[in-house]
1. Counting each DSSP H run of 4 or more residues in the chain as -39500 (n - 2.57), what helix-only mean residue ellipticity at 222 nm follows after dividing by all residues, to the nearest 500 deg cm²/dmol?
2. Between Ile39 and Glu124, what is the FRET efficiency for a Förster distance of 41 Å, r being their Cβ-Cβ separation, to the nearest 0.05?
3. Using a 10 Å cut-off on Cβ atoms, rank the peptides 217-227, 38-48, 202-212 from the highest mean neighbour count down.
4. Give the dimensionless ratio obtained when the Cα radius of gyration of segment 15-253 is divided by 2.2 N^0.38 Å.
5. Relative contact order of the chain: what whole-number percent is it, with Cα pairs under 8 angstrom and at least 6 residues apart?
6. I'd like the distance separating the alpha-carbon centroids of segment 22-44 and segment 109-124, in whole Å.
7. Expressed in nm², what is the orientationally averaged projection area of the convex hull enclosing the Cα positions of segment 129-258?
8. If I model a spin label at Ser219 and Ile15 as a point 7 Å from the Cα along the Cα→Cβ vector, what separation in nanometres do I get?
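What follows is calculated from the coordinates using simple rules that are stated; it is not laboratory data. Not measured: the values here are computed from a predicted model. No Cβ is skipped: glycine too gets one built from the backbone with ideal geometry, and neighbour counts run over all protein chains shown.
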Amino acid sequence: MVRFFKKKIRREIDIAISEQNGVRLLHLGGDMIQSAMKITAPHELVLLYTQCMMSFLLFNPQPVQIAMIGLGGGSLAKFTYHTMPQTKTVAIENSPQVIDAARHLFALPANDDRFQVVLADGAEFIKDAALNLDILMVDGFDDGQQIAALCSQSFYDDAYGALGSNGILVVNLLSRDKHLSTYLQRINQSFQSRTVAMLSEPQGNLIVLAFKKSPGKVSWKSLRGKATSLAEQYHLPFADFVSKLRKHQNSQNLHLDI
């Protein structure tokens, strides 16, 4: 069971909002797009990398507890809340300004018995080994740069400890980041190389899935079968996710026996 921090913290950050062709955009600390919301369909996932982060459903289609570090406009939090009624979601964000923007401008739902937004430091939050999470999603950037506390070796070690026995870490990285290989090595070290990855698009975001325990031998045929049913349920291109995983299988020294 996820326990929620009560400690309040403050972090000042530059927030800008723009709109293009019916899509509202959130910018944090610069011009880079942090989050996007279709105004007429606020619960859909607009950005391709956020869609790819849902690829964990290929390996765990019914998670009970999901934690997300980094709220942004709340795209992933809203999506899980509205499409996964069996799942409890907690989103950890260290900026009250970001939380306020998500609440008032990006249709973030109010806290209830299966959804919580917590004002806390994500790296500190996951040091609680009693979390027993099924899924931990990490999307922590400041103007296009990885937040250092969210990509250290100790952070990935703590992420491993915060997951339940079948837990999956889902990390959003930038493929053009000059420190990418270091981050991947750290994830591999913490998760004993039980990792796979996909590029959301060429030269775009790299989504890494790291498994606390190997899911065992999983055929590409079976993944494609799961993709078909998941696509019908969530209206996301899961068949593309399988193709992206297979394409990236042996790059960046990432490997899983599937």
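1. The helix contribution divided over the chain gives -8500 deg cm²/dmol.
2. Between Ile39 and Glu124 the formula returns 0.75.
3. On the way: 217-227: 14.1, 38-48: 15.8, 202-212: 20.2.
Result, highest mean Cβ count within 10 Å first: 202-212, 38-48, 217-227.
4. Cα Rg divided by the expected 2.2 N^0.38 Å: 0.94.
5. Computed value for the chain: 17 percent relative contact order.
6. That distance is 20 Å.
7. With the hull built on Cα positions only, its mean projection is 8.1 nm².
8. 5.0
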